[in-house]
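Following: one structure in structure tokens, then a few remarks.
The values are calculated or read from the model by the stated rules, or taken from the named source; none is laboratory data. Here the structure is a predicted model, which is why all the values come from computation and not from measurement. Glycine also receives a Cβ, built like all others from the backbone with ideal geometry; neighbour counts cover every protein chain displayed.
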Amino acid sequence: MLSSCYRRCLEVADELGARSVGFPSISAGTYGFPADLAARKAVAALRAATTDVRLVLLVDIYRKTLRRYEAALQTEGA
């Protein structure tokens, strides 16, 4: 479900003609989804998506979350 959320967001962005989007950490806060897994799923889904979006920002107010994204970016597809 989490991966499909990212894919659908990119589909909507394409429909709107957006060329950039920003994503917070989805489901890893209040909903309690494991944060490391959430970061890996986000990166994998975004990399696999077919989209006209050219810039995707993974954002969060917590450095720990940003480090998770960085780790996922280094390991996914490597």
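Condition check ((1) modelled with pLDDT of 90 or more; (2) under 15 Å from CYS9 (Cβ atoms); (3) among the hydrophobic types (A, V, I, L, M, F, W, C)) across all residues:
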{"residue": "GLY29", "(1), (2), (3)": "no, no, no"}
{"residue": "GLY32", "(1), (2), (3)": "no, no, no"}
{"residue": "ALA38", "(1), (2), (3)": "yes, yes, yes"}
{"residue": "THR51", "(1), (2), (3)": "yes, yes, no"}
{"residue": "VAL59", "(1), (2), (3)": "yes, yes, yes"}
{"residue": "ARG68", "(1), (2), (3)": "yes, no, no"}
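Go through segment 7-50 and count every residue that is assigned to a loop (DSSP other than H, G, I, E, B), out of contact with any strand residue (DSSP E or B) (no Cβ under 9 Å at 6 or more places or on another chain), farther than 14 Å from LEU66 by Cα and not aliphatic (A, V, I, L, M).
8
Enumerate the pairs (first residue in segment 23-42 and touching a residue at least 40 places away in the same chain (Cβ under 8 Å); second residue anywhere and of a type in the set (S, T, N, Q) and buried (at least 18 other Cβ atoms within 10 Å of the Cβ)) with beta-carbon separation below 9 Å, excluding pairs fewer than 6 apart on the same chain, so at least 6 apart or on different chains.
Sorted first by the residue in segment 23-42, then by its partner, the pairs are SER25/THR65; ALA42/SER25.
Which members of segment 65-78 meet the condition of being touching a residue at least 12 places away in the same chain (Cβ under 8 Å) and loosely packed, with under 15 Cβ neighbours inside 10 Å?
ALA71, THR75, GLY77
Got a number for residues in segment 52-71 being small (Gly, Ala, Ser) and touching a Ser or Thr at 6+ places or on another chain (Cβ under 8 Å)?
0
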